[in-house]
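Single-structure report; data block below.
The values are calculated or read from the model by the stated rules, or taken from the named source; none is laboratory data. Note that the coordinates shown come from a computational prediction; the quantities given were computed from them, not determined experimentally. Positions of Cβ are generated from backbone atoms using ideal geometry, with glycine treated the same way; all protein chains shown enter the neighbour counts. Keep in mind that these areas ignore ligands, DNA and RNA; they rest on the heavy atoms of the full protein, side chains included. Shrake-Rupley method; radii C 1.70, N 1.55, O 1.52, S 1.80 Å.
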Amino acid sequence: MSPVPLIPDTAPFSPEQRAWLNGFLAGVFSRSVAGVADPGPASARPAAALSPLTILFGSQTGTAEGLAKKAAKEAGKRGFAPTVLDMAQADVARLGNEKNLLIITSTYGDGEPPDNAKALHAGLKAAGDRPLTSVRFSVCSLGDTNYAQFCQCGKDFDAQLERLGASRVAPRTDCDLDYDASFTKWLDQALGALGTVAGGVVNPGPAPANPAPAVEPGYSRKNPFPATVLTVRNLNGPGSAKEVNHVEFSLEGSGLVYEAGDALGVVPQNCPTLVADVLSALGCDGEEAVPTPAGEMPLRRALTEFYDLGKPSAELLALVAPALAGVADPGPGSASPATKFHHVIDVLHLAPTKLAPGPFVSSLKKLQPRLYSISSSPKAHPGQVHLTVGAVRYEKDGRARKGVCSTFLAERGLATGKVGVFVHANKAFRPPPNGDTPMVMVGPGTGIAPFRAFLAERRATGAKGRNWLFFGDQKAASDFLYREELLGLREAGVLTRLDLAFSRDQAEKIYVQQRMLEAAADLFAWLEQGAHFYVCGDASRMAKDVDAALHQVIEKAGGKTAEAAADYVQALKAAKRYQRDVY
């Protein structure tokens, strides 16, 4: 018998390529001597059967969808045949036929599921018996610990799947804004628990003789582009109770591209005054060396650029727990001292002893970028990206508080000069692909942002579709954001109809949802003629009220029952004619 031919070490292949080729040749040789016809160099041995895996995502802005695709790629390497599925395409009956299931979902508003997950969320809650006994599952939930209903949607899915008989193979993971490490750990555990294909790893096929060089990564969340701040302009007039700023960045030289409907990630810095207060509470001068994700650096810079000084982390509370043991009990029925911690500074002021700089920063969360709806169109504003940002300022417990990123841009954006940014695609929020399709947009306050982009794009492309905007705020004289632009678009015929609701210009407050009800007949007619319906703004209040008003419009003007109106709205969602950008 002839020896198995081997690729010599001197051949022009990488060690990995050489190992694969030697294995392939050994397989061909062994089949040949057994009397099996040689399949030829272009054929590989039959692949083992792959284990099916369904990955469901519930996503409002695309983050969960992106992670689902990442999970599918990793699952494919481990012997699974993954299918990535939008939750809008799933129901309880379909889930009952699954064997291996991963769920990745975000949470919006007051613990609500994303729009594409609402039907499945409701279906699971209403289901009886135990229809999912053959399903093995694990859940990864995305959220923000600054919200009271942290990861509630994922918690709901996890509980309902178990209630309906599914078997949890790996514990649910609740990810905060800094989700990379938690997600990776969860995925590894979940895939390991679900198991790999019998017979080992599937043959990946021959590697190319000359692998293409690795492509240099572009600017992204992990590698933000240092964008020049061109403009920060207050959009409010004298006497306004608000401060909304129009912010422009240059994207020249970045290679970044975006579409109307996308969001821009902005990397903020903490307020210098707050940093100084934290240093004072620690008894530090700011020059102490501490660890950061970018290496060791002075404490002042670390607190300014790298660490979140907002809601305290569980790690920080655990660090000060021994010191807080001496804080007087507020008494039965009262909140514990820990529940009063709004910001990190509150912990430091209450703790009787000072914390050492190193352990202190190690207990903090990383300062995360903020996402804002883009208010410009790349077709109308080439080389630039615009935002419409409301500065958050309030007082709590006798202390002035600030929104981290909104006031960073308002107060120090121009002075900083360059700010880290990246594009966050939102494929679920786009103007109609056909420029002849009518649009109805509801965007009070800073919710106007994406619709400024939609209208600018339609004007730039010469789209002929009709456009109707509902806009509202507190006072017409001081809070009519982009007044000249919007009136100019109406004058030019780009904005077919503009309905306004200024809540404080009369004794009885008026909101956009009331304007919708007043125009019910016309609004329903637009929907019947194929209009797409869009909402942008606060998820917990405004968006809920607008959704309720939409149902009432369809009942009132369409002569439908409440059930038929609900079906009509669901059909709009299924056809992607009802889209929301809510927060």
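Numerical summary
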item	result
Count of residues meeting criterion [surrounded by 17 or more Cβ atoms within 10 Å (Cβ to Cβ) and either without any contact (Cβ under 8 Å) to a residue 24 or more places away in the chain or among the hydrophobic types (A, V, I, L, M, F, W, C) (or both)] in the stretch 123-149	8
Positions within the stretch 436-459 being touching a Ser or Thr at 6+ places or on another chain (Cβ under 6 Å) and under 20 Å from residue 532 (Cα atoms), in sequence order	449, 450, 452, 453, 456, 457
Whichever residue in the stretch 383-396 is farther than 14 Å from residue 370 by Cα and touching an Asp or Glu at 6+ places or on another chain (Cβ under 7 Å) and, among such residues, is surrounded by the most Cβ atoms within 10 Å (Cβ to Cβ)	386
Verdict on residue 253 being part of a loop (DSSP other than H, G, I, E, B) and among the small types (Gly, Ala, Ser)	yes
Scan of the stretch 563-583 for residues that are among the aromatic types (Phe, Trp, Tyr) and more than 16 Å from residue 549 (Cα to Cα), ordered by number	583
Complete set of residues in the stretch 284-309 that are open to solvent by 10 Å² or more (accessible area, probe 1.4 Å) and part of a loop (DSSP other than H, G, I, E, B)	284, 285, 287, 288, 291, 292, 293, 294, 295, 296, 306, 308
Leading residue by the ranking (farthest from the chain's Cα centre (by Cα)) among those in the stretch 89-135 that are of a type in the set (Val, Ile, Thr) and not in a helix (DSSP H, G or I)	133
Any hit, the stretch 449-458, residues being among the charged types (D, E, K, R) and touching a residue at least 40 places away in the same chain (Cβ under 8 Å)	yes
Subset of the stretch 98-134 (residues that are of a type in the set (A, V, I, L, M, F, W, C) and out of contact with any Ser or Thr (no Cβ under 7 Å at 6 or more places or on another chain))	103, 104, 119, 120, 122, 124, 126, 127, 132
Looking only at the stretch 59-79, and only at residues there that are in contact (Cβ under 8 Å) with a residue 24 or more places away in the chain and of a type in the set (A, V, I, L, M), the one that is nearest to residue 153 (Cα to Cα)	64
Residue in the stretch 78-88 that is in a loop (DSSP other than H, G, I, E, B) and either on the phi < 0 side of the Ramachandran plot or not β-branched (Val, Ile, Thr) (or both) present	yes
Output for the stretch 80-103, where each listed residue is touching a residue at least 60 places away in the same chain (Cβ under 8 Å) and closer than 21 Å to residue 176 by Cα	102
